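First up is the structure itself, then whatever we jot down about it.
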Amino acid sequence: MKFIVRPLRSDELPELYKLIASLFSSAKIDIGESDTVFVAEINGTIVGFASFSKKSRGFLLNGLGVKEEFRNQGVGKQLLIKSLGSLPRDVPISLKVQATNDPAIALYVKNGFFQKKYGDIFVMVKLPEN
Ligand SMILES: CC(C)(COP(=O)(O)OP(=O)(O)OC[C@H]1O[C@@H](n2cnc3c(N)ncnc32)[C@H](O)[C@@H]1OP(=O)(O)O)[C@@H](O)C(=O)NCCC(=O)NCCS
């Protein structure tokens, strides 16, 4: 399966919102103009995304998802690696994830995040690299 990971184009927001609605039933993910958003594309269709918003210190990963039929083929990993690579390295990056979401937690741990807060929802952080 061939896919490419690249920044979202502004004219693709409606397509992205459709994907988000299909991935997260209680989607509260809002994409702001200053957010950093990467998408995975297969044959001209967006099949995955990663989005970050700027916080007073660092960034928050506020959404990551891949269409079910394209999971477990490295798309999520590439989305995370490429989008993280586009962000400044000298600030922390945080995220929240359901404690039961093993695939996502495994992906975050492999990419340098550690668990900061436990509970039904984990807070995970990737520290600055310097
Ligand atoms: C989390 C998600 C984005 C991963 O995307 P993906 O394309 O399937 O992930 P990849 O194929 O790139 O796998 C990357 C890593 O994730 C982990 N992983 C993926 N699927 C897994 C599974 N079913 N069980 C355990 N770990 C898994 C593995 O560590 C894997 O690394 P490896 O290939 O080196 O073993 C995808 O499962 C998804 O969209 N889930 C629903 C939305 C969601 O929960 N998003 C996170 C919200 S915080």
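All of the numbers you see were taken from the coordinates with simple rules; none came from a lab. Model, not experiment: these values are computed from the prediction. All Cβ positions, glycine included, derive from the backbone under ideal geometry; neighbour counts span all protein chains shown.
Annotations for the structure displayed:
- FRET efficiency, Ile42 to Asp90 (Cβ-Cβ, R0 41 Å, nearest 0.05): 0.75
- Scanning the chain for GluC sites (Glu not before Pro) that sit in a DSSP loop and have at most 11 other Cβ atoms within 10 Å, the longest stretch containing none of them is 34-128.
- Full extension of the chain between Ala21 and Ala99 yields a length gain of 25.9 nm, computed as 0.36 nm times the residue separation minus the alpha carbon distance.
- Pairs over the 24 Å Cα-Cα cut-off, from the set Lys28/Lys110; Lys2/Lys77; Lys77/Lys126; Lys2/Lys55: Lys28/Lys110; Lys2/Lys55.
- Cβ-placed point charges (K, R +1; D, E -1), dipole of the chain about Cα centre in debye, nearest 20: 400
- Between 0 and 90°, nearest 10: helix 75-86 axis offset from the chain longest Cα axis: 60
- Estimated vicinal HN-Hα couplings, Hz - region 103-120 in sequence order (Karplus 6.51, -1.76, 1.60; Gly, Pro = x): x, 5, 4, 4, 5, 5, 4, 5, 10, x, 8, 10, 7, 9, 10, 9, x, 5
- Of all beta bridges that DSSP places with both ends in the chain, some 90 percent have antiparallel geometry.
- Largest mean-square fluctuation among Val91, Val39, Val75, in a Gaussian network model of the chain whose springs join Cα atoms under 10 Å apart, belongs to Val91.
- The chain: Rg to Rh, with Rh as the Kirkwood radius over Cα pairs: 0.93
- Residue among Gly119, Gly63, Gly48 with the largest mean-square fluctuation in a Gaussian network model of the chain, springs linking Cα atoms under 10 Å: Gly119
- The calculated FRET efficiency for the pair Glu68 and Ser34, based on their C-beta separation and a Förster distance of 41 Å, comes to about 0.85.
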